[in-house]
Amino acid sequence: MIHKDFEGTTELLKALENADIELVSAPESWHKEYSDKILAYKFVSSIEEAIEHINEFSSGHTESIITEDEKNAQIFMSAIDSAGVYHNVSTRFADGFRYGFGAEVGISTNKTHARGPVGLEGLTIYKYNIEGDGHIVKDYVEGVKKFNHKDL
């Protein structure tokens, strides 16, 4: 989502056009998941419109907001219905290994996943909120920064 009054819209779109990425903004693109460098975008008028759009068209896997507005960030983090919701962090962090789970053997965007006899742990649904300051995966891959996993 790009806010329609964002001062840098022209510069942002120009930078993206010069990047190795395809831009699409048609409504039929919003239900698709791409296994390529394709960015589907939409201009919105408010944080509420962005949240409504994301919750309707998202896969429910990972969403991110880039903003300096802490209030909008918290509204977004709370209202988005996805397994991973990030603030000023690359969505490339959405990986079991990066979460400290070891090798990732699969992904799920379902809200319930247990089958057969189910204990309390099988009924637990997780939502991961990650906040940063422009963090990118490359810094961790190259060892510039290190992960700090801890039980809350």
> Just one of the numbered conditions (1) more than 29 Å from E17 (Cβ to Cβ); (2) outside the structural domain of I130 (by TED's automatic domain parsing) is not true of S35; which one?
Replying inline: (1)
> Which residues, counting only those in the range 45-70, are among the β-branched types (V, I, T) and surrounded by fewer than 16 Cβ atoms within 10 Å (Cβ to Cβ)?
Replying inline: I66, T67
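From the residues in the range 82-97 that are touching an Asp or Glu at 6+ places or on another chain (Cβ under 8 Å) and of a type in the set (G, A, S), which one is surrounded by the most Cβ atoms within 10 Å (Cβ to Cβ)?
G84
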> Got a sec? Which of A40, A73, A79 is touching a His at 6+ places or on another chain (Cβ under 8 Å) and either among the β-branched types (V, I, T) or surrounded by 13 or more Cβ atoms within 10 Å (Cβ to Cβ) (or both)?
Replying inline: A73
>> Being assigned by TED's automatic domain parsing to the domain that holds N110 and over 17 Å from G134 (Cα atoms): is that true of K71 here?
In response: yes
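The values are calculated or read from the model by the stated rules, or taken from the named source; none is laboratory data. Keep in mind the model is a prediction, meaning the values are calculated, not measured. Quick reminder, even Gly has a Cβ in these numbers, built from the backbone with ideal geometry, and neighbours come from all protein chains shown.
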